[in-house]
Amino acid sequence: MIPTPQHSDKKADLVDDCTETSCGTIYARRGGIDLAGTPVILVHGLVVTSRYMIPLASRLAAYFPVYALDLPGYGNSSKPALPSGMTELADAIEAWLEAKRFSRVHLVGNSMGCQVIADFATRFPSRVDRIVFLGPTVDPHARSFWRQLWRQMENALYQKPLLPVIAADYSTVGFRRSVAITAITLNDREEEKLPRIPVPVLVVRGSRDPVCPQRWAEEAVRLLPRGELRIIPGGQHVLNFSMPREVVRVMLPFLHAEADIFS
């Protein structure tokens, strides 16, 4: 039975999980592992770690096995000498799935995490059941450092409670790596990968998200072969942190869908 929206604020505890892979140690916050169903893997955005995924992960873990990853170079996972691009980060997820012996998963990403997932899904489609993009980046109509910085600063005005979390995660990444990762993110052409994602994708945008404007969200859905758009009124860019209950409400019917709702 698909959980009804009023039940979407249930929570479950999360615990630490460290896994040795061919790409080094990958840390995750996990929950709901005693539940049946396809695991849900949460992929964080630029500079931050799985810490800001906790509000969403704890709620999803009431319904699914959930893992919120620290990608290599972030948080408690291994730190490669050089910053990793989207392909290397996607390869790390594949290595982690192999180590966990997961054959197929749902993938949920925020911001840059959507770019990592897009790269993964084009190269390892048999590993993916369904995808959720929360505020996908980078808007191809604003692919410049200064325009993206301005949008991030505008978003920060809406999401002030997130700033201490970002500051703590930034300190573990460092200035040089952050600058390098930002350049990699801006140069990644996600829009060229979206048409090659064969699985159902739900794009979720907050109506007040300056980083992922409505035009880009709609364009992303048009590019996806099996895409659907949901708007969360009043939501900002980091929906998984600020509005996790609302995100779960729109995600649950999509992830629990038994029929192909896109056919």
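The values are calculated or read from the model by the stated rules, or taken from the named source; none is laboratory data. What you see is a predicted model, and the numbers here were worked out from it, not measured in a lab. All Cβ positions, glycine included, derive from the backbone under ideal geometry; neighbour counts span all protein chains shown. Surface areas here come from the heavy atoms of the whole protein model, side chains and all, with no ligands, DNA or RNA. Shrake-Rupley method; radii C 1.70, N 1.55, O 1.52, S 1.80 Å.
Listing for the model above:
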item: Fraction of accessible area attributable to carbon and sulfur, region 213-253 (%, probe 1.4 Å); result: 51 percent
item: Projected label distance in nm at A167 and V179, using a 7 Å step from Cα toward the beta-carbon; result: 2.2 nm
item: Accessible surface, 1.4 Å probe, highest first, among residues K11, K193; result: K11, K193
item: Over the chain, relative contact order from alpha-carbon pairs under 8 Å, at least 6 apart, %; result: 21 percent
item: Exposure of I166 as accessible area (Å², to 10), given a probe of 1.4 Å and all protein chains; result: 60 Å²
item: Structure-based [θ]222 nm, the chain - -39500 (n - 2.57) summed over DSSP H runs of at least 4, per residue, nearest 500; result: -11500 deg cm²/dmol
item: Apportionment of accessible area to carbon and sulfur, region 13-84, percent (1.4 Å); result: 51 percent
item: Candidate residues M86, M243: accessible-area rank, largest first, probe 1.4 Å; result: M243, M86
item: Peptide ranges 218-226, 63-71, 108-116 listed from the most packed, as the mean C-beta count within 10 angstrom indicates; result: 108-116, 63-71, 218-226
item: Residue-normalised accessible area of the chain, given per residue in Å² at a 1.4 Å probe; result: 42 Å²
item: Exposure ranking of R177, R230 by accessible area [1.4 Å probe, largest first]; result: R230, R177
